[in-house]
Structure formats: structure tokens, C-alpha cells
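*Asks:* Shown below is the structure under consideration.
The values are calculated or read from the model by the stated rules, or taken from the named source; none is laboratory data. These numbers come from a predicted model, not from an experiment. So basically every Cβ, Gly included, is an ideal-geometry build from the backbone, and we count neighbours across all protein chains shown. Accessible surface is based on the protein model in full, side chains and every heavy atom, while ligands, DNA and RNA are left aside. Shrake-Rupley method; radii C 1.70, N 1.55, O 1.52, S 1.80 Å.
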Amino acid sequence: MSTPLQKWVEEQAKLTQPDNIYWCDGSEEEARKLIDIGSKKERIGEHFIFQALNQDKWPNAYLHRSHPTDVARTEHLTFVCHNNKNNSGPNNNWMQPDEAKKLMMKLSAGCMKGKTMYVLPYTMGHPDSPYSKACVQLTDVSYVAVSMRIMTRMSKKAIDKIGESADFVKGIHSVGDFDPEKRYIMHFPDEHLVWSIGSGYGGNALLGKKCFSLRIASWLGLQEGWLAEHMVILGIQDPKGKINYITAAMPSACGKTNLAMLESALPGYKIWTIGDDIAWLNIGPDGRLYAINPETGLFGVAPGTSLKTNPNMLHTLKKKDFYPTLFTNTAFNPETNEPWWEGLDGPIPQNLIDWQGKPWNTQQGTKAAHPNSRFTVSIYNSPTLSKEFDNPIGVPISAIILGGKRTQLIPLVTEALNWQHGVFMGVRNGSETTAAAIHKEGILRRDPMAMLPFCGYNMGDYFQHWLNMGKRMKHPPKIYSVNWFRVDDEGKFIWPGFGENIRVLKWILDRVNNKVGARETPLGLVPELKDLDLKGLDIPLAKLEKLFQVNPLDWKEELQDIKKFLAKFEGNLPQEILTEYESLSAKLKI
Ligand code: SAT
Ligand code: MN
């Protein structure tokens, strides 16, 4: 008698027709075998899937080159297929579920011919956690199988957890023939199913990540009373040894990974990492909000990562413990057999090979590493890993940070007056765009709670869900907006960022622990300069003031833009959000 899981795998094999089916157990031995297959047998275009790097300098590290058209998430090909279109909301592409299935069946027929179907059983969250979910993903490429082993808890335990049940999270993935015209990332929230074809890129292909842990999980969270968020989770230890935990939501490539592993510029403070991308937030029996990171790996942007910007990440990448570490679409130094990217410490090596495997021509003005080139590394390699990482119930959250990249308008840090005001801060959050998704860089995009591309249902209902969560908590965390990216009149960043961001975190802790006051502005509470620890920094007073400036005249266009954005959710937008909008306009007297 076969289990529902076995039957499901058989059905998918009938459709996709792989030559072999291989059930993964998540062991290191198996990872070595898959790397071996990807280094000698499987190719993408002319390149083998994996190329071993200098094992002395980068232990257990391999280079992967993707298909040249397959370098980032493809939001325009990502669909959330609720039965009722309004449930997907204006924030998602929608297709009627039966129609979407028909299309995927057509594209998937025979798509694994000549290949192996890898069956990947994994849990998001620690298997012993009441909040974890058991999942199975199918894929036809060793790169995805190995990446999923780094990013999730892949083991037989997931199969045991599923047992005879048909209720497990299903992911079907095939790279197809990488044809961007036949690339779709389809979500079926009510069936807990993600079906993705045509891409091997992280967020499109590692289905436990954005697809399940945010899009599908946010929908589960709405029904079950919890939140799936695009947030880092970290512990901040003060000089007395006390640790407060916070989460922070920021759009892709705004420095979330750097924040999660921050090396404090203030003596006595230390950051402990729990997660760099996704937080599942549940209300505990004590009425506080608890966070777990459902993932076990870091899928970070390589360019800009250096001993200066994120020393702990370099140590993580060079650690030997967990096998293996992957570099995707970085440049390559053939003389030393090392990966390379823009911003890495040291001089630019001669004769680099670019991310597509061609000699890099410095004259052409192109980047050697793709701007969205990535590393995939186990969080267990991190020297800053929190001892609470595997705690099944997670950590209690004292503050939630909502941020984005804004060169104008938004102060370095602002505290919300209360939960509802904080939710509105998150709703109006915006960010200047980055390379993590295929779209133009440097354009302002409203991105509520940094969840716009990841909320698996109508965002109007999502705002309501946030408001409801606040009402259910006895001790809700305080909410803050942060912006490290404000520029001066010459267009230079005023705030030094990186390890210096601890100064802002310290102020937040001081507020949470009722140690300092604050100054009210139309946007909320900002620090009195005397309470911000600026020792050792050399920022002229006028520039410091600019960091916190709220000039009502500048806000006119911003308010109009927010209003236009909110109008998209008409019919589902909570009254409380409109009330907050009116209150902000009134305070700014616009
Ligand atoms: O979506 S990914 O996880 O691949 C990268 C990102 O946007 O954070
Ligand atoms: Mn992300």
C-alpha cells in the first residue's frame, strides 16, 4: 500500500517522465554524490553545474553558473491562484486555478525525460517545533537539490512527520528548457502547492523559500492566526549580557543579511543571528510575539560583501563545517581558482572570468560578477549564530523594524506611537529598487512590510490581519521605521551604515527598556540627539539634523503617492489605515 506522498510522487513522475527517481535523505554523503554528478554529468548550456573552487581558501565551495536569462526572481511570471481573484488582490498576478494547472500540465509533460527526479523531503522550521511544516519538493537539477539541503532541514524526519497524511506542502519544480517564455512560478494556496517551471534561480526554484515560507505561509497565517514575514531575526546583547530579540523587514538587497550578522561598532554590544530573510511570528501563551526562522541557510547577495561590510559573512563562507557552500554567478579568478565579486577586499585580480564564463573585459563597463550573484551557505557556519536558533518555540520579540532604501524624506529611525500607527508605517513603506528581481533599478516602489512580492493574498486583508494580530497580543513589540540611506545635498549617504547601525539598534533597545525619551515629529518619535550614541563618529551637526528632518513641503508628493497606492486596495483596505493616512496629512498640514 503506498502512502499519499508516494502516490503523489508517482503521479508527477508519470507526467514529467524522468529516467530515474531519487529520494534524498539530506545526508552529507548524498550531497557529495550530487555535487559529483553536477560536476561531471549535469550541465547548463556548456557549463557543468558545479565547479570546485580553491578548497584551501574556500573550503567546500563550488561555483555555479546559471542560464544567462535566469538570474533573478521573475515577478511578472509569478502567479498566486486563489479560486476567487479578489483573494489574490492587486498585488499578485492571478490565473484561474484550473486554467493554471492545465497550462502547467502541458508545459510539464515529459519535461524530466533523460533526467533524474530528485525527491526532497524537508521541514521548514525545526521538526520538533509546533510551528514547523513538513514539505516535499521535486526537482530535476542537482543544484536545486543541494541548495535545498543547505536552506532547509532536509531529512527523513519530514517523511515521518507526513506519515500517511495527504496534507503536506507540495513543490513541483523543473528547469524545463530555461525558456523565459515558458517560465512560470504558480502558487495554489488552498492546496499548499507550488509549481515552478523554467527557472533554477533561488526564489523561483528553492520552493521552500519565498514560494512556500512567504506566499503560501502568509495565507496559512491568515487562516491560523500568525504572520509569515520577510524579516531578519536577531538578538542584541548589551554590555550587561542581556539579550533582546528584534525582527526587521526590508526589501531584497537593502542590507538585511548585513544587519542579521552585524559586527557592532560599539564596545560591549554583540549581535546574534537567527535569520536573514524570513520570520514566522506566532503569539505565545504569555501574550508576546515569538519568531522562528523556518530556514537553515543564507542566500545572500555577493557583490558588496567584504571584511568591511560584513566580516562575519566572510568568516561564515570560509568555515569548513557544513558541506557545501555554493557561489552562483560570481566572477572567477582562474589563477587562484577563487570566486570574486565587486566590492570584495583587495585589488581587482587580473584576467578574471565573468559570471557567464567569458574573459572579463574591463573596458566594456560590465560587471564581472552578476549584480545579483549569490552565495548559499549554511547558517550553522555562522560565528554569530544564536544559541536559540534551534529553539522550537522561537524567541520573544521586543521590537519590529520596517525599513527600505530611501535617499530622501525618511528619517534614520522613527518609533511608531502605537501598533496601529506602526502598521501604517509599514503599509506606506517604500524602497528604491534593487537587482534581486528583474526590474529597473533605482525607482521608488511602495513595498508594505517589504512583502509586496511575497504576500500570498490580497494585501488589503493582510493589513487587516496585522491590525488584528496587534489586538490579540498582551505585549505587542514596539514598531520602528529605519532608513540607512538618506543622502546629503551632494548625494552622499549621511549615515555610515553597516557596523555603525548598532547605534540605532541601541537607541531602540533603550526605548524598549524605557531608558530614554524621544522627540515627536509628524511621522512619529525620533531620538533626541543626546540619546543617540555617536561617540567616535564624525558627522557634522547640520547633517545629523538632516537625518531626522521632516519637511512638510517635501511630503506633498509622497502623500499623493501613498494615497494612489492605497487606492489600489479599495474594498479591502481597513478603515484604520485610512484614518492613519488622514492623521498624517493633518499633522503635515497638507
Ligand atoms: O527571492 S530570493 O530569495 O531568491 C532573493 C531575494 O529576493 O531575497
Ligand atoms: Mn529576501
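*Asks:* GluC sites (Glu not before Pro), restricted to the range 118-202: which are DSSP loop and have at most 11 other Cβ atoms within 10 Å?
*Replies:* GLU164
*Asks:* When the chain is fully extended, how far beyond the present Cα-Cα distance does ASN351 get from GLU191, taking 0.36 nm per residue of separation?
*Replies:* Using 0.36 nm per residue and subtracting the Cα-Cα distance, I get 52.6 nm.
*Asks:* In square nanometres, what is one fourth of the surface area of the convex hull spanned by the alpha carbons of the chain?
*Replies:* 26.0
*Asks:* So, one more: Which of the peptides 133-139, 377-383 is most tightly packed, and how do the rest follow, judged by the mean count of other Cβ atoms within 10 Å per residue?
*Replies:* Per-residue mean Cβ counts within 10 Å order the peptides as 133-139, 377-383.
*Asks:* Over the heavy atoms of LEU262, what accessible area does a 1.4 Å probe trace out, to the nearest 10 Å²?
*Replies:* 10
*Asks:* Right, something else. Spin-label point model (7 Å from Cα, Cβ direction): what's the ASP538 to LYS367 distance in nm?
*Replies:* With each label placed 7 Å out from Cα toward Cβ, I get 3.1 nm.
*Asks:* Rounded to the nearest 5, what % of DSSP beta bridges with both residues in the chain are antiparallel?
*Replies:* Details: 63 of 96 bridges.
Roughly 65 percent of the DSSP beta bridges within the chain come out antiparallel.
*Asks:* Turning to a different aspect of this structure: Lys and Arg at +1, Asp and Glu at -1: add these up for the other residues within a Cβ distance under 12 Å of ASP489 and post the number.
*Replies:* So the environment of ASP489 carries a net charge of +2.
*Asks:* Same structure, new question: Sort 327-334, 237-244 for me by packing, meaning the mean count of neighbouring Cβ atoms within 10 Å per residue, highest on top.
*Replies:* With the highest mean Cβ count within 10 Å placed first, the list reads 327-334, 237-244.
*Asks:* Rolling a 1.4 Å sphere over the protein heavy atoms, what is the accessible area per residue of the chain, to the nearest Å²?
*Replies:* 38
*Asks:* Under a plain spin-label model, where a point goes 7 Å from the Cα along Cα-to-Cβ, how far apart in nm are LYS156 and GLN6?
*Replies:* 1.5
*Asks:* Once the Cβ-Cβ distance between GLN223 and ASP98 is put in as r, and R0 is 35 Å, what FRET efficiency do you end up with, to the nearest 0.05?
*Replies:* Working: r = 22 Å, r/R0 = 0.63.
With R0 = 35 Å, the Cβ-Cβ based efficiency is 0.95.
*Asks:* Taking R0 as 35 Å, what's the FRET efficiency between LEU444 and ASP128 from their Cβ-Cβ distance, rounded to 0.05?
*Replies:* Once the sixth-power term is evaluated, E becomes 0.20.
*Asks:* Could you report the accessible area of ARG503 in Å², rounded to 10, computed with a 1.4 Å probe on the protein chains as they sit in the structure?
*Replies:* Surface accessible to solvent at ARG503 totals approximately 10 Å².
*Asks:* State, to one decimal in nm, how far the label point of HIS76 lies from the label point of ALA13, with both points 7 Å from Cα in the Cβ direction.
*Replies:* 3.9
*Asks:* A further question on this structure: Can you show me the helix-derived [θ] at 222 nm for the chain, built from DSSP H runs with n ≥ 4 at -39,500 (n - 2.57) apiece and divided by the number of residues, rounded to the nearest 500.
*Replies:* After summing the helix terms and dividing by residue count, I get -7500 deg cm²/dmol.
*Asks:* Enter the Cα centre distance for the pair the range 377-424 and the range 307-373, rounded to the nearest angstrom.
*Replies:* Their Cα centres are 29 Å away from one another.
*Asks:* For a protection proxy built on the mean count of beta-carbon atoms within 10 angstrom, sort 75-83, 458-466 highest first, please. Intermediate results must be reported in sequence, preceding the final value.
*Replies:* Working: 75-83: 19.7, 458-466: 22.9.
Order by mean packing, descending: 458-466, 75-83.
*Asks:* Given charges of +1 on the Cβ of Lys and Arg and -1 on the Cβ of Asp and Glu, with all other atoms neutral, how large is the dipole of the range 298-381 about its Cα centre, in debye to the nearest 20?
*Replies:* Value, rounded to 20: 160 debye.
*Asks:* Full extension from ASP25 to ASP390: what is 0.36 nm times the residue separation minus their Cα-Cα distance, to one decimal in nm?
*Replies:* 129.4 nm
*Asks:* Additional query: Please compute the alpha carbon radius of gyration of the range 455-590, then divide it by the globular-protein estimate 2.2 N^0.38 Å. Two decimals is fine.
*Replies:* That ratio works out to 1.23.
*Asks:* Considering amide H positions built from the backbone, and no H for Pro or chain starts, which residues 5 or more places from GLY456, or on another chain, come under 5 Å of its amide H?
*Replies:* SER218, TRP219
*Asks:* Same structure again: Provide the solvent-accessible area of VAL301, counting protein heavy atoms only and rolling a 1.4 Å probe, rounded to the nearest 10 Å².
*Replies:* Surface open to solvent at VAL301 totals about 40 Å².
*Asks:* Sticking with this one: For the range 18-60, run through the trypsin sites (Lys or Arg not before Pro) and keep only the ones in DSSP coil with at most 16 other Cβ atoms within 10 Å of their Cβ.
*Replies:* Here the sparse-neighbourhood loop sites are LYS41, LYS57.
*Asks:* Here is a further query. Calculate the length of the line joining the C-alpha centroid of the range 74-90 to that of the range 177-225, in whole Å.
*Replies:* 11
*Asks:* In terms of modelled amide H atoms, which long-range or inter-chain residues lie less than 5 Å from the amide H of TYR22?
*Replies:* MET117, TYR118, VAL119
*Asks:* Separate question: Rounded to two decimals, what is the ratio between the C-alpha radius of gyration of the range 1-104 and 2.2 N^0.38 Å?
*Replies:* Working it through for the range 1-104, the quotient is 1.50.
*Asks:* In the range 298-381, if the dipole is taken from +1 on Lys/Arg beta carbons and -1 on Asp/Glu beta carbons about the Cα centre, which of PRO324, TRP360, PRO339 is farthest to the positive end?
*Replies:* Comparing the listed Cα positions along the dipole, PRO324 ranks first.
*Asks:* Sticking with this one: Considering only protein heavy atoms and a probe of 1.4 Å, how much of the accessible area of the chain is carbon and sulfur, as a whole percent?
*Replies:* 51
*Asks:* Something else about it: Take the alpha carbon atoms of the range 1-28, find their center, do the same for the range 515-549, and report the distance between the two centers in whole angstrom.
*Replies:* With the range 1-28 and the range 515-549 each reduced to a Cα centre, they are spaced 58 Å.
*Asks:* Hey, another quick one. If you take the Cα atoms of the range 298-381, find Rg, then find the Kirkwood Rh from the mean of 1/r over all pairs, what is Rg/Rh? Can you show the working numbers first?
*Replies:* Details: Rg = 12.6 Å, Rh = 13.1 Å.
Over the Cα atoms of the range 298-381, Rg/Rh equals 0.96.
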